[in-house]
Amino acid sequence: MYWELSLETMERRELERHQLRLANASLARARRSPHYGQALARLPETGLASLRALEELPFTGKSELRAGFPYGFLAVDPEEVVRLHSSSGTTGNPTVVYHTRGDIADWENLIARCMYSTGVRKKDVFQNMMGYGLFTGGIGFHYGAERLGVMTIPIGPGNSKRQIWFLQHLGTTVIHILPSYALHLAGYFPELGIDPRRDLKLRIAFIGAEPHSEAIRRKIEEIYGLKAYNSYGLSEMCGPGVAFECLLQNGLHLWEDHFYPEIIDPLSGRLLPEGEEGELVLTTLKREAMPLIRYRTGDLTRILPGPCPCGRTHRRIERIKGRSDDMLIINGVNLFPIQIEKTLMAIPAVGRNYLIEVRKVDHMDRLEVKVELNEDVFRGTLAELEKLQARVVAELRAELGVSPVVKLVEPSSLPVSEGKARRVYDLRGGLG
Ligand SMILES: [Zn+2]
């Protein structure tokens, strides 16, 4: 039932002593990096007397990670680094996260622990439909599944008919998939004459990388006849594997022997009492190449009260409610409205105002951008307008990595507001 019995079921007080030892070792490693060498200069050599004392230390934010590009957070000799991953950049430097061989081994083991806790065993067949590459989702699960000993099919996303062919002919039992793609893929079954509940052997799905409601999870479970588990992670910590649902699907166990969680008020930065909802802040306890101290994840959640009946003592977080910043996730790709603005404003024919709408079309996210033209362009020929529209689409696609639908509209036709303009309308429905 447990991948690592003694670690997963460690008695709370012992776990906290273990965390304090690990936190002090992590702080000592972090101080070897240029950033923390300065930020933690006043920390006594003896380290912290209690975990609670972490509260006195400064936060680390995404802006600091960007400012520290490329090596400001590296805490080991560069030759100890075996891999890097990067989250999608917004403006300026991307966020780069380095891994030593030990970091990779720990990460694989964490994913194996997550998968095992939902009942995945060596006899399973795992089809990984997440993207491989700089993004951590695909590669993280790939190596974790191999660590567990499961036959892994590194098929990646897309090519729906081939996905279904593999599901059918390899007898796939476990999938890792974007929730929106799971619903999209289901649209192919009727024309192929396949009843997924009858004709496929699927029993477990791991879903994550984009916000989705409980209703969507239940719908995926219903369509495929399986159990779908929520996964949580972020590339700054390792990737997926930070927190995961067990068989009981009642919150995500945050692996406290690897990460120390705090929940803060996102506005004041004040630590909130246990159980209150706020921004998740994480301190890495084991990472070597790039330890992060009090990292502000931007994700909103709370710590659920009481122990889980599964016997694991690591506390559970509620499924993520949303982001404290304005990031949009379009079919699993992260982007910021500011990227759209920046791109539009560099095109002279574009007027002052624009509007971003995101909605679900056939279960996939559709990004629609309405763009006001400036007065003289608007009086141009139809051919000129079509050419302009194609250019706006191409430039946005190059910047965002997703293809938007662009509508050119008359000057001054979009709503204007006093003060901070509301330009983003996420019409995909509420979470939770
Ligand atoms: Zn549990």
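The values are calculated or read from the model by the stated rules, or taken from the named source; none is laboratory data. Remember, it's a predicted structure, so these values are computed and weren't measured experimentally. Here the Cβ positions follow ideal geometry from the backbone for every residue, glycine too, while neighbour counts run over all protein chains shown. We work out accessible area using only protein heavy atoms, side chains counted, and drop any ligands, DNA or RNA first. Shrake-Rupley method; radii C 1.70, N 1.55, O 1.52, S 1.80 Å.
Worth a mention:
- Long-range amide H partners of Thr95 with built H, under 5 Å: Ser87
- Split the accessible area of the chain by element, probe 1.4 Å, and carbon with sulfur accounts for 53%.
- Cross-link table Lys219/Lys360; Lys161/Lys219; Lys219/Lys407, entries beyond 24 Å C-alpha to C-alpha: Lys219/Lys407
- Residue-normalised accessible area of the chain, expressed per residue, 1.4 Å probe, Å²: 45 Å²
- Percent antiparallel among DSSP beta bridges (both partners in the chain, rounded to 5): 65 percent
- The range 329-426, dipole about Cα centre (Lys/Arg Cβ +1, Asp/Glu Cβ -1), debye to the nearest 20: 160 debye
- Estimated [θ] at 222 nm from DSSP helical runs (n ≥ 4, -39500 (n - 2.57)) normalised by residues in the chain, nearest 500: -9000 deg cm²/dmol
- Three-way shape call for the chain based on the alpha-carbon gyration tensor, with the a/c threshold at 1.5: oblate
- From the Kirkwood radius over Cα pairs of the range 329-426, Stokes-Einstein at 25 °C and 0.890 mPa s returns a whole-number translational diffusion coefficient of 176 µm²/s.
- Under a model in which nothing but the beta-carbon of Lys, Arg (+1) and Asp, Glu (-1) is charged, the range 5-325 shows a dipole of about 540 debye around its Cα centre.
- Between Thr9 and Val393, the FRET efficiency estimated from the beta carbon spacing at R0 = 45 angstrom works out to 0.25.
- Simple rule: put +1 on each Lys or Arg Cβ and -1 on each Asp or Glu Cβ in the chain, find the dipole, and look at Val393, Tyr98, Val369; the Cα lying farthest toward the positive end is Tyr98.
- Think of the chain as having a plus end and a minus end, set by charges on the Cβ of Lys, Arg, Asp and Glu; of Ser50, Leu15, Phe166, Phe166 sits farthest toward the positive end of this dipole.
- D_trans [Stokes-Einstein, Kirkwood Rh over alpha-carbon pairs] for the range 164-292, 37 °C, 0.692 mPa s, µm² s⁻¹: 195 µm²/s
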